[in-house]
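A short write-up of the structure that comes next.
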């Protein structure tokens, strides 16, 4: 791969074919392994199950899409979207102040340290982080033990674990990096003089924050919002490890459908989710030009 | 470059409130894992904390005898190294292409980053179906393919950040002095990007090592670590799973911390190089 990345282009766009060659491997991966499989999946969601091969056959049908509304599947869709939206809202409410501490209220050293601390969990096992909440929130976990020994409650609180509360808490804790980092990137694009000027002219902190900072970091907030929502809609492990008995999510529903080898229905569920997410992301990108966020990285 | 925070004066409670929320974020991100780590040092079969004098590595030593774990570790290492070895050069290549582009840069970047915005379950499902039709048997190869898609956007961004530290004028100077494009790339660009390329490799490896949703659909006979762990977590956990979780977390955090320290070191080094010292300027003018 390195052979073809000659770096000719660093001097200027003299030799167009090189640019194309350099772009080719990543485009091949994204298109060949990303777009095409998703498009095939969308197509196959209109095919039918083939009992002879235990796979699918090209008999066009809308049966899978009709089945989306059966067996309480619509409820699972709405519940997943609801929990994801709640997770996203809480994450954003926490992330804006946290990112402000990094972007506005810390010197360079502390900002770098805080940013590292907010980023590191992203590279650790989400499974372990979800599992750890079981020990903390369980009937005899730290929280319940503390509540009982402080006399706040008489018996352990049951709804802490295996509940929607636990699922949302687990997801918020897991996906905070997705919410915080884009806002920090947005802060890097703010001219410091603008903030100093507003403070010099007598604006109080809250006036400055709401009229200058919030509008300027809005693309970061929306980007973080989207990232968190996307992963929260798609995840299954928090629901499986922390959710109550019978709790479901779209991903768990897909796995259940696959267990009875109903491939077209699984494809239909996934296709609907991906399509809705694409619409959501496109609208947000149109409105806020999210790709500009990366300019603050100097790229 | 200021060495103070931007907002310094009175904040009508803003600083206090925001710092408290930042502390709350760090607490929910780190406290449960810290508790798990301490609990994993408890030698008793019953879960809970013990005084530090009784800390023991009993369960960590028990890990060494777990054969299924060894198999999963081997599979994950294979997939992680394969993923990182592919994602790093392809990400670098994408970054170089982005740098060289004059038109359609925004679209190219969006395409490269798009894989971040598809949930793992849907991506894994689609990919497994497509690979099945192509006739590829599920194995470490199929997981590696899925993880390449997942890690490539991150590898490309890390390379882009590194490339932004390589000034076009430096390359132009090398070219003026007679270096061919390949020579300039190998002698100037690559060394300046060294820390970023290492981070790119390590991040891709860690992201692959801890990825669960895609691997679930693409796995062959041999489980990867997260799949093995998920099974163990849901089947009346033996204390070894705490030790194992603890080991995974400690190793991941240590590796990322080292990489971050290396990146920070390179950045301050790079800043010294890029900013002409006043003395130099005096000589030339």
Most exposed to least, judged by fewest other Cβ atoms within 10 Å, B:36, B:152, B:136, A:69 sort to A:69, B:136, B:36, B:152
Candidates A:66, A:130, A:95, ranked by Gaussian network fluctuation over chain A, Cα under 10 Å, top entry | A:66
Proxy reagent accessibility, fewest Cβ within 10 Å first, across A:56, B:143 = A:56, B:143
Which of A:170, A:32, A:141 moves the most in a Gaussian network model of chain A with Cα springs under 10 Å?
-> A:32
Kirkwood hydrodynamic radius of the protein assembly as shown from all distinct Cα pairs, in Å?
-> 25.6
For the range A:180-299, what class follows from the C-alpha gyration tensor (a ≥ b ≥ c being the square roots of its eigenvalues): rounded when a/c is under 1.5, otherwise prolate if a/b is larger than b/c, else oblate?
-> prolate
Give the relative contact order (percent, whole number) for chain A; include only Cα pairs under 8 Å separated by 6+ residues.
-> 25
Going by alpha carbons, how many degrees (0 to 90, nearest 10) lie between the helix axis of B:240-274 and the longest principal axis of chain B?
-> 10
Between the range B:82-114 and the range A:228-252, the Cα center-to-center distance that results, in Å = 32
Kindly provide the helix-only [θ] at 222 nm of the protein assembly as shown, computed as the sum of -39,500 (n - 2.57) over DSSP H runs of four or more divided by all residues, to the nearest 500 deg cm²/dmol?
-> -22000 deg cm²/dmol
If all Cα-Cα distances of the range B:1-54 are sorted into 5 Å bins from 0 onward, what percent lands in each bin, rounded to whole numbers?
-> 4, 16, 14, 12, 11, 11, 9, 7, 8, 5, 2
Peptide B:87-94 - average C-beta neighbours from other chains (10 Å radius) = 6
Angle in degrees between helix B:67-100 and the longest Cα principal axis of chain B, rounded to the nearest 10 = 20
Applying the gyration tensor rule to the Cα atoms of chain B (axes a ≥ b ≥ c; rounded if a/c under 1.5, else prolate if a/b exceeds b/c, else oblate), the class is oblate
Evaluate Rg over Rh across the range A:129-245, taking Cα atoms for both radii and Kirkwood's formula for Rh.
-> 1.18
Alpha carbon centroid spacing (whole Å) that separates the range B:170-233 from the range A:147-198 = 30
Assuming a ≥ b ≥ c are the square roots of the Cα gyration tensor eigenvalues, decide whether the range A:65-165 counts as rounded (a/c under 1.5), prolate (otherwise, with a/b larger than b/c) or oblate.
-> oblate
Run a plain Debye calculation on the range B:150-236 (Cα atoms as equal point scatterers, no solvent) and give log10 I(q)/I(0) at q = 0.10, 0.26 Å⁻¹, rounded to two decimals, same order as the q list.
-> -0.44, -1.17
Just report the Cα centroid separation between the range A:101-136 and the range A:14-33, whole Å.
-> 35
For the range B:79-209, what is the relative contact order in percent, using Cα pairs closer than 8 Å and at least 6 residues apart in sequence?
-> 45
Given a cut-off of under 8 Å on Cα pairs at least six residues apart, what relative contact order in percent is computed for chain B?
-> 27
In degrees between 0 and 90, to the nearest 10, how far off the longest principal axis of chain B does helix B:225-234 point, with axes built from Cα atoms?
-> 40
Across B:35, B:242, B:217, the residue with the highest GNM fluctuation in chain B (Cα network, 10 Å cutoff) is B:35
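A short reminder: the numbers here are calculations on the coordinates, not readings from a lab. Remember, predicted model here, so these are calculated numbers, not experimental data. FYI the Cβ positions are ideal-geometry reconstructions off the backbone, even for glycines, and counts take in every protein chain you see.
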